[in-house]
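> What follows is a single structure, and I will ask about it in a moment.
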Amino acid sequence: MSTTTDLWTPSDAGTETGPRPPERPRDVEAERILVATVMMQPSAVDELGAEGFDPADISTDAYRWTWWAVEELQSQFRDGELKHLAVHRQLETWHAEGRMPTRPPAAEQLLGLYQQAHPGAAAWYAKRIEKKAIAARLVALGYDAMLKGASHAFDADTDVAAIQSDLDGVVRAPDDVDMAPIGDLLLDSLERATTPPTNEQRIPTGFMDLDALLSGGWAPGQLVVVGARPAMGKSTVAADFARGAAIKHKIPSLFESLEMGKDELSDRILCAEARIPLHHLKQGIVSDADMARAARHAPDIAAAPLWINDAATLSLPMLRGRIRNLVRTQGLRLVIVDYLQLMQAPRAESRQQAVAEISRNLKLIAKDFGITVIVLCQLNRGPEQRQEKKPLVSDLRESGAIEQDADIVILLHREDAYEKESPRAGEADLIVGKHRGGPTATITVAAQLHFARMVDMAGV
């Protein structure tokens, strides 16, 4: 039996001076006939469930509980049994146990209901009920929006983003929306076997060897985690990913920077593209030759579909709302968040649970919108406590859920961060420690941190 759900519960009650709750849209006739029909044809419970019908959409308590009783008993019904009597006994039992809060209908009432069945029409009445349930959720959401907007505590960023997020749940996607027979999928598999992916299907990372390992780059729906200890160059490599997508391939991208200001990020992107020493730009002593190079690269940078946000706080509803808008208006395909531990955590019993909630929702955002989400993440002190300083996936800080939710985990390591005279000074390792559905490997790149970038070794 499903859990009782009251779909008509606005977040706040109306006050004497505030707006009054609107009447809930409902189709009582359709509810009555549907429940009568499933009593006569219990197999309709499974048939409608397979099509995505949720009995919680039935607004009348007595009818909703009657449905659940049929659901509970359907496997026990025998040929010729008076099903309304069996349903009555089940409802009386639940009421006696305290599980059913309302008084069950009398046996005579259930008999009258049973006689109103329309065999073969259950799906049609279920659609009528679903339509009214969607309308009810929409009206309730509108009432919530009115209350939030009228409140003295209204916050434009948080409240609008929350309403936008709730709007996604007004229409429930059927459980089988992505279900397909293997025969319909096989031809696409055969085509992929002989057709290299294009930039329409993959997002180039900006690094040739990494693209080769990832079959052309980032894929839609992926959550990519880039982990490193502080001062390893996480933000630098994240900017490289953004440059590779937005500037070189004109792929719409969003960079959410919680640690670095947008001006500093813009400076770094300019230096990386034009090979200008970052410390010269900060001191305002860039040479004429470097400025000439900057002038040549400026048009491509300015035309890039790259948006940078450096708001001090970032919650999941705010991020989802911003992504929804950019997906709809700009065709957004890549989101980079720098970094996970600085995001505004949802309420949870522990920090680990809060981080797990963030990582799970980032994966859902990637899947729901068909985009790639790259999130930077701090590692714990594990690498510094080992003789071998290379990080491991298990070093991801605060939650094993991050590793679980990620499709790809890349760990950034520089030997010269620990040993200044290392023979590998100026090199960085992109350690692909997890690659769901593909190989893992270590990709070595050149760390040109004076230009605020990392590049392929072949390009040095």
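> Of the residues in the range 399-416, how many are surrounded by fewer than 20 Cβ atoms within 10 Å (Cβ to Cβ) and farther than 26 Å from PRO220 by Cα?
At the first step, the residues of the range 399-416 found to be surrounded by fewer than 20 Cβ atoms within 10 Å (Cβ to Cβ) are 400-401, 403-404, 415-416.
Then drop every residue that is not farther than 26 Å from PRO220 by Cα, which leaves 415-416.
Count: 2.
> Which one is farthest from VAL375 (Cα to Cα), of the residues in the range 302-355 that are assigned to a loop (DSSP other than H, G, I, E, B) and of a type in the set (Lys, Arg)?
Checking each candidate, the answer is ARG347.
> Here is a further query. How about the range 433-460: which of its residues are of a type in the set (A, V, I, L, M, F, W, C), surrounded by 13 or more Cβ atoms within 10 Å (Cβ to Cβ) and under 20 Å from ARG243 (Cβ atoms)? Show your work before the answer.
If we filter the range 433-460 for residues that are of a type in the set (A, V, I, L, M, F, W, C), which is where we start, we get 441, 443, 445-447, 449, 451-452, 454-455, 457-458, 460.
This time we only want the ones that are surrounded by 13 or more Cβ atoms within 10 Å (Cβ to Cβ), so: 441, 443, 445-447, 449, 451-452, 454-455, 457.
Across the range 433-460, the qualifying residues are ILE443, VAL445, ALA446, ALA447, LEU449, PHE451, ALA452, MET454, VAL455, MET457.
Each row is one residue, and each column tells you yes or no for (1) assigned to a strand (DSSP E or B); (2) surrounded by 14 or more Cβ atoms within 10 Å (Cβ to Cβ).
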{"position": "GLU357", "(1), (2)": "no, yes"}
{"position": "LYS363", "(1), (2)": "no, yes"}
{"position": "VAL375", "(1), (2)": "yes, yes"}
{"position": "GLN387", "(1), (2)": "no, no"}
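> If I ask for residues that are touching a helix residue (DSSP H, G or I) at 6+ places or on another chain (Cβ under 8 Å) and of a type outside the set (A, V, I, L, M, F, W, C), which ones from the range 419-428 would you list?
Taking the range 419-428 first, the residues touching a helix residue (DSSP H, G or I) at 6+ places or on another chain (Cβ under 8 Å) are 422, 424-428.
Scanning the range 419-428 gives SER422, ARG424, GLY426, GLU427.
> Could you list all residues from the range 40-63 that are under 14 Å from ALA30 (Cβ atoms) and of a type in the set (S, T, N, Q)?
Answer for the range 40-63, where residues must be under 14 Å from ALA30 (Cβ atoms) and of a type in the set (S, T, N, Q): SER59, THR60.
> So which residues in the range 226-242 are closer than 13 Å to ASP429 by Cα and among the acidic types (Asp, Glu), if there are any at all?
None; the set is empty.
> Still on this structure: Does GLY382 satisfy being more than 16 Å from PRO220 (Cβ to Cβ) and not aliphatic (A, V, I, L, M)?
Working: more than 16 Å from PRO220 (Cβ to Cβ): yes; not aliphatic (A, V, I, L, M): yes.
When the stated conditions are applied, GLY382 passes them.
> State whether the residues of the range 270-278 include one that is in a loop (DSSP other than H, G, I, E, B) and at pLDDT below 85.
Step one: of the range 270-278, the residues in a loop (DSSP other than H, G, I, E, B) are 275-277.
Applying the additional criterion that residues be at pLDDT below 85 yields none.
No: the range 270-278 contains no residue that is in a loop (DSSP other than H, G, I, E, B) and at pLDDT below 85.
> Give me the residue from the range 317-327 that is hydrophobic (A, V, I, L, M, F, W, C) and touching a residue at least 60 places away in the same chain (Cβ under 8 Å) and, out of that set, farthest from GLU259 (Cα to Cα). Please lay out each step first, then the result.
Taking the range 317-327 first, the residues hydrophobic (A, V, I, L, M, F, W, C) are 318-319, 323, 326-327.
Applying the additional criterion that residues be touching a residue at least 60 places away in the same chain (Cβ under 8 Å) yields 318-319, 323, 326.
Values: MET318: 17, LEU319: 16, ILE323: 20, LEU326: 22 Å.
If we take residues in the range 317-327 being hydrophobic (A, V, I, L, M, F, W, C) and touching a residue at least 60 places away in the same chain (Cβ under 8 Å), then LEU326 is farthest from GLU259 (Cα to Cα).
> Can LYS148 be described as of a type in the set (Lys, Arg) and under 18 Å from SER59 (Cβ atoms)?
no
> Check ALA161, ALA136, ALA140 and return the single one that is under 30 Å from ALA312 (Cα atoms) and either basic (Lys, Arg) or in contact with a Ser or Thr (Cβ under 8 Å, 6 or more places away or on another chain) (or both).
On the way: ALA136 fails: under 30 Å from ALA312 (Cα atoms); ALA140 fails: under 30 Å from ALA312 (Cα atoms).
Just one listed residue meets the conditions, ALA161.
> What are the pairs, 6+ residues apart or on separate chains, where a residue within the range 285-297 that is touching a residue at least 24 places away in the same chain (Cβ under 8 Å) and assigned to a helix (DSSP H, G or I) has its Cβ under 6 Å from a residue that is of a type outside the set (Lys, Arg) and surrounded by 12 or more Cβ atoms within 10 Å (Cβ to Cβ)?
Pairs that qualify, where the first residue is touching a residue at least 24 places away in the same chain (Cβ under 8 Å) and assigned to a helix (DSSP H, G or I) and the partner is of a type outside the set (Lys, Arg) and surrounded by 12 or more Cβ atoms within 10 Å (Cβ to Cβ), are ALA294/ALA274; HIS297/GLU273; HIS297/ALA274.
> Scan the range 421-428 and give yes if some residue there is in contact with a strand residue (DSSP E or B) (Cβ under 7 Å, 6 or more places away or on another chain) and part of a strand (DSSP E or B), otherwise no. Before you say what the answer is, go through the steps one by one.
At the first step, the residues of the range 421-428 found to be in contact with a strand residue (DSSP E or B) (Cβ under 7 Å, 6 or more places away or on another chain) are 426-428.
So of that shortlist, the ones also part of a strand (DSSP E or B) come out as 427-428.
Looking through the range 421-428, at least one residue is in contact with a strand residue (DSSP E or B) (Cβ under 7 Å, 6 or more places away or on another chain) and part of a strand (DSSP E or B).
> Would you check if there is a residue in the range 298-314 being without any contact (Cβ under 8 Å) to a residue 40 or more places away in the chain and crowded, with 17+ Cβ neighbours inside 10 Å?
No, that holds for no residue.
> Are any residues in the range 225-237 at pLDDT 90 or above and crowded, with 24+ Cβ neighbours inside 10 Å, and if so, which ones?
Within the range 225-237, VAL225, VAL226, VAL237 meet the criteria.
> Also, quick follow-up: Is one or more of the residues making up the range 125-132 free of Cβ contacts under 8 Å to residues at least 40 places away in the same chain, within 30 Å of MET318 (Cα to Cα), acidic (Asp, Glu) and part of a helix (DSSP H, G or I)?
In the first step, residues of the range 125-132 are kept if they are free of Cβ contacts under 8 Å to residues at least 40 places away in the same chain; the result is 127.
Cutting the leftovers down to within 30 Å of MET318 (Cα to Cα) gives us none.
Within the range 125-132, not a single residue is free of Cβ contacts under 8 Å to residues at least 40 places away in the same chain, within 30 Å of MET318 (Cα to Cα), acidic (Asp, Glu) and part of a helix (DSSP H, G or I).
> Still on this structure: Tally time: how many residues in the range 311-336 are modelled with pLDDT under 85 and of a type outside the set (S, T, N, Q)?
The number of residues fulfilling the criteria is 12.
The values are calculated or read from the model by the stated rules, or taken from the named source; none is laboratory data. All values reported here derive from a predicted model rather than from experimental measurement. When we count neighbours, we look across all protein chains shown, and the Cβ atoms used for this are built from the backbone with ideal geometry, even at glycine.
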